[in-house]
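A short reminder: the numbers here are calculations on the coordinates, not readings from a lab. As the structure is a prediction and not an experimental result, all values here were calculated from the model. Using ideal geometry, Cβ is built from the backbone for each residue, glycine included, and neighbour counts are taken over all protein chains shown.
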Amino acid sequence: MNMNLDIVNRALFAIGHNPLTDVDRSVKNIGYEVAKSYYIATFLEALTEVEWVGGRKRDKLVRTGRPVLYNRNYHYAYDLPYDCARPIELQDNEHYIVEDRLILTDCSNAELLYVSNGKVMRSVSAVVMRLGENQEDEYLTAGQPGTVHEVTLYPGRPSDITAMFPEDTNPDSSDYPDYTELDY
């Protein structure tokens, strides 16, 4: 996803600065870098504030595989979709709450209507771990709890295996390669 220069230039004009051009984007000057650092945060925050019509998606939810503290008020815990900026409603207007990127509800087969932020899920082909290092707890969900995922463990550092990862996108061609263009 690229920054919308029209929006950026309107903001720059409002504070009395010169607009950015495509040349600024290609040479990545300081004005471009500052705008880029604020743009994605502002974009994501705006998506959480409004139930945008153009960015809506509907998706079946996956029961979480993470360890979850038991909540006696709800029977099921689901992971929010990776690209969910704002949940709108569960099917049949079932009651739910959101805690720590989890949806807690009594609905056994939950389907969520939500506003998407366009985040792209990258496939995981390797997990790099060195003996003796403390690992952060990270959870990847791709099915019902107990599903076996295809994961290959390679010893070494990430720089040791970078050649094994295919280049999905050219980082120079997109301001935010982890997000797709959305039509809002």
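Net charge of the neighbourhood of Gln91, taken over other residues with C-beta under 10 Å away and scored Lys/Arg +1, Asp/Glu -1, is -2.
Figure the gain on full extension for Tyr38 and Ile15 (residue separation times 0.36 nm, minus the Cα-Cα span) and round it to one decimal in nm.
Working: separation 23, 0.36 × 23 = 8.28 nm, distance 1.44 nm.
Between Tyr38 and Ile15, full extension yields an extra 6.8 nm.
Packing, taken as the mean count of other beta carbons within 10 Å per residue, orders the peptides 174-183, 48-57, 72-81 from highest to lowest as 72-81, 174-183, 48-57. Farthest towards the positive end of the charge dipole of the stretch 5-49, among the residues Leu44, Phe13, Val27, is the Cα of Val27, using unit charges on the Cβ of Lys, Arg, Asp and Glu.
If you plug the beta carbon distance of Lys57 and Asn2 into 1/(1 + (r/R0)^6) with R0 = 30 Å, you get a FRET efficiency near 0.90.
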